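Worksheet: one structure, shown below.
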Amino acid sequence: MKNHGTLSQESLFQGPCIEEFELPGADLSLHKSVWATPQGDQLCQELVEELEWRQDKISMFGQVHDVPRLNAWYGDPNCSYSWSGIQMSPTEWTPTLSSIRQRVIDLAGEEFNSVLVNLYRDGSDKVDWHADDEQVLGLTPVIASVSFGASRKFRMRRKDRSLMPTDIVLDSGDVLIMRGSTQQLWEHEVPRSKKVKEPRVNLTFRKVRVAA
Ligand SMILES: O=C(O)CCC(=O)C(=O)O
């Protein structure tokens, strides 16, 4: 007999759910609410306060600009990284980052030796179209992207532009895992959004190949 009015044990338990996407050549799984929203928001604040943020510069058409977000690079001692001519040596894992990393390793079933952390101070910070396809990550990297704080749109498009872009909303506590040929065939951006007034911290866990 159905029990109206009171909640069963199952409906009280809201475990994380996984969303899959039908994107040709991309292998994405979005694990919703791996951290509950209040916990995710708390971690956002802690990371904003604790991490060693840097303001990188990028030169475009002969002019030097601030990258429109702050960054940090943490990892095992030998995991240096460079993108768009910016060199980064790893800072040692903090206890907070180590515990996030362990949760992500368990979820993805993959080892990660480093993390690129982005701080979007508000909706005017962004990241432009790119793929995480640097040689040191290998041809088919697994990237686990963790979001804390403000919800932001994560937009994906095929590099050959054969399809319309797809928008995925990443909320506080979500983990998006990208695998296979995703970085070879697709690129992604986080566009500006005037409505967003709150900060967001995004962590992309990676496995950098280290010379023996
Ligand atoms: O903030 C995000 O969700 C994406 C970050 C990103 O694209 C990157 O770190 O390469």
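None of the figures in this text is laboratory data; all of them are computed from the coordinates on show. Predicted, not measured: the structure shown is a model, and the values here were computed from it. All Cβ positions, even for glycine, are placed from backbone atoms using ideal geometry, and neighbour counts span all protein chains on display.
Residues that are assigned to a strand (DSSP E or B) and closer than 27 Å to Gln45 by Cα within region 141-159 comprise Ile143, Ala144, Ser145, Val146, Ser147, Phe148, Gly149, Arg152, Lys153, Phe154, Arg155, listed in sequence order.
If you go through region 182-212 and pick out every residue that is more than 14 Å from the chain's Cα centre (by Cα), within 12 Å of the ligand (Cβ to nearest atom) and under 20 Å from Met88 (Cβ atoms), you end up with 0. Screening Gly40 with (1) touching a strand residue (DSSP E or B) at 6+ places or on another chain (Cβ under 8 Å); (2) among the small types (Gly, Ala, Ser); (3) in a loop (DSSP other than H, G, I, E, B) gives one miss only, at (3).
Is it true that Thr96 is in contact with a strand residue (DSSP E or B) (Cβ under 7 Å, 6 or more places away or on another chain) and polar (S, T, N, Q)?
no
Looking at region 91-123, which of the residues that are hydroxyl-bearing (Ser, Thr, Tyr) and assigned to a strand (DSSP E or B) is surrounded by the fewest Cβ atoms within 10 Å (Cβ to Cβ)? Even if it seems obvious, please write down each step before you answer.
First, pick out the residues of region 91-123 that are hydroxyl-bearing (Ser, Thr, Tyr): 91, 94, 96, 98-99, 114, 120.
Narrowing further to those that are assigned to a strand (DSSP E or B): 91, 114, 120.
Details: Thr91: 15, Ser114: 24, Tyr120: 25.
Going through the qualifying residues, I end up with Thr91.
Would you check which residues across region 115-150 are of a type in the set (S, T, N, Q) and more than 11 Å from the ligand (Cβ to nearest atom) and list them?
First pass over region 115-150, keeping only residues of a type in the set (S, T, N, Q): 118, 124, 135, 140, 145, 147.
Ser124, Gln135, Thr140, listed by residue number.
Met88 falls short on exactly one of the conditions (1) closer than 19 Å to Val146 by Cα; (2) crowded, with 19+ Cβ neighbours inside 10 Å; (3) not aromatic (Phe, Trp, Tyr), and that condition is (1).
May I ask you to verify whether Thr140 is of a type outside the set (Gly, Ala, Ser), touching a strand residue (DSSP E or B) at 6+ places or on another chain (Cβ under 8 Å) and within 18 Å of Ile177 (Cβ to Cβ)? When the stated conditions are applied, Thr140 passes them.
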